[in-house]
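Shown next, in structure tokens, is the structure this report addresses.
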Amino acid sequence: MPEMPEVETILMDLKPLLAGRRIVSADCADPSAIKMPGAHGEFCRRVAGTTIVDLHRIAKYLILRLDTGDEIVLHLRMTGRLVYDPDGEQPATRERVALKLDGGGTLRFVDLRRLGTLHLVGDARRLPAIEALGPDPLAPRFTARRLRRLLRGRRSRIKPLLMDQRFLAGLGNIYANEALHCAGIRPTRRAHTITMDEARRLHRAVRRVLRKGVMHGGASTRTYRRPDGSVGRFQEAFEVYDRAGAPCPTCGEPIKRIMVAGRGTFYCSRCQR
Ligand SMILES: [Zn+2]
């Protein structure tokens, strides 16, 4: 599933291609992708003829702001992809929605498992799912002290808590595993037992792995591709994720794999306490 660094990469790739472009028409091959009152007919009508003013991101949501004040809010979920097709000739396989742009070029929303969603709203921040999001770990207001305050009084294990979007927005399985290794904290630790010192390390680690993910263009472990079809490179820099039995890059101990809250979890039993 694309996590925050993958969505950030898609955003950076698409911004120069889409900002300032006019949407000539919208095609909905799969109307179930559109989650709004009046659904796809209304979506196509309201989007056609508008200009994309700007693109931004809230956690894993990608937002296209239109000159009418409307915002297209996209969530890729498990297998969603955004493909920029410069020629705009043939619909892609598994295509759900296509936005045809002036001067040629089409943005295609492709989605094998069809779990991704698309909203058209006046203000993305008012979507209930976005209102419920926890803090953005890369925002300046997100400090180690704030993280420690959030952890206190939470009895759940640290890893599923880090992946809970209402607790912290943007981390999925890959980055939670990597951040906990980087911080030297075992994924099964109860959140409230984490000390101020460990919270400081975790805070730094979360930000570091997210930035590292962005620097590498995201992680292409399964279906994630950049809008031009190329792969991300962060999977080549994994320290624990998907490396069961391989040596820990810090101490050489074989990486262990366990299940925590139903998700494959990777850690070093020597470095992570
Ligand atoms: Zn180790």
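The values are calculated or read from the model by the stated rules, or taken from the named source; none is laboratory data. Since the structure is predicted, the reported quantities are computational estimates derived from the model, not experimental observations. Neighbour counts run over all protein chains shown; Cβ positions are idealised from the backbone, glycine included. Just the protein is used for accessible areas: all its heavy atoms, side chains included, with ligands, DNA and RNA removed. Shrake-Rupley method; radii C 1.70, N 1.55, O 1.52, S 1.80 Å.
In a residue-by-residue description of region 251-261, the property of being more than 16 Å from the ligand (Cβ to nearest atom) and surrounded by 13 or more Cβ atoms within 10 Å (Cβ to Cβ) applies to at least one position.
Please find, within region 241-250, the residue that is farthest from His181 (Cα to Cα) out of those that are open to solvent by 70 Å² or more (accessible area, probe 1.4 Å) and near the ligand (Cβ under 9 Å from one of its atoms). Show your work before the answer.
Here is the first cut: in region 241-250, the ones open to solvent by 70 Å² or more (accessible area, probe 1.4 Å) are 242, 247, 249-250.
Those left that are additionally near the ligand (Cβ under 9 Å from one of its atoms): 247, 249-250.
Working: Pro247: 13, Pro249: 10, Thr250: 10 Å.
So the residue we want is Pro247.
Restricting attention to region 85-111, the residues being touching a residue at least 60 places away in the same chain (Cβ under 8 Å) and over 14 Å from Ala26 (Cα atoms) number 2.
For Ile63, indicate whether it is open to solvent by less than 10 Å² (accessible area, probe 1.4 Å) and in contact with an Asp or Glu (Cβ under 6 Å, 6 or more places away or on another chain). So that I can check it myself, show each step before the final result.
Details: open to solvent by less than 10 Å² (accessible area, probe 1.4 Å): yes; in contact with an Asp or Glu (Cβ under 6 Å, 6 or more places away or on another chain): yes.
Yes.
When Pro91 is tested against (1) part of a strand (DSSP E or B); (2) surrounded by fewer than 21 Cβ atoms within 10 Å (Cβ to Cβ), exactly one condition is not met: (1). Filtering region 194-211 to residues that are open to solvent by less than 60 Å² (accessible area, probe 1.4 Å) and in a helix (DSSP H, G or I) leaves Met196, Glu198, Ala199, Leu202, His203, Ala205, Val206, Arg207, Val209, Leu210. Return the residues of region 42-60 that are farther than 21 Å from Pro5 by Cβ, buried (at least 17 other Cβ atoms within 10 Å of the Cβ) and of a type in the set (D, E, K, R); say none if nothing qualifies. Arg46, the sole residue that qualifies. Put simply, of Ala98, Ala129 the only residue that is under 26 Å from Ile23 (Cβ atoms), of a type outside the set (S, T, N, Q) and crowded, with 20+ Cβ neighbours inside 10 Å is Ala98.
Ile23 meets the conditions (1) open to solvent by 30 Å² or more (accessible area, probe 1.4 Å); (2) farther than 30 Å from Val206 by Cα; (3) in a strand (DSSP E or B); (4) not acidic (Asp, Glu) in every case but one. The failed one is (1).
If a residue must be in contact with a Phe, Trp or Tyr (Cβ under 7 Å, 6 or more places away or on another chain) and open to solvent by less than 60 Å² (accessible area, probe 1.4 Å), how many such residues does region 218-240 contain? Final tally of qualifying residues: 5. Only a single criterion out of (1) over 22 Å from Leu76 (Cβ atoms); (2) touching a strand residue (DSSP E or B) at 6+ places or on another chain (Cβ under 7 Å) is not satisfied by Thr223, namely (1). When the residues of region 262-273 are narrowed to those that are within 16 Å of the ligand (Cβ to nearest atom) and open to solvent by 60 Å² or more (accessible area, probe 1.4 Å), which ends up nearest to Val7 (Cα to Cα)? Of everything passing the filter in region 262-273, Arg273 is nearest to Val7 (Cα to Cα). Among the criteria (1) touching a residue at least 60 places away in the same chain (Cβ under 8 Å); (2) buried (at least 16 other Cβ atoms within 10 Å of the Cβ); (3) within 16 Å of the ligand (Cβ to nearest atom); (4) over 19 Å from Pro135 (Cα atoms), the one Leu180 does not fulfil is (4).
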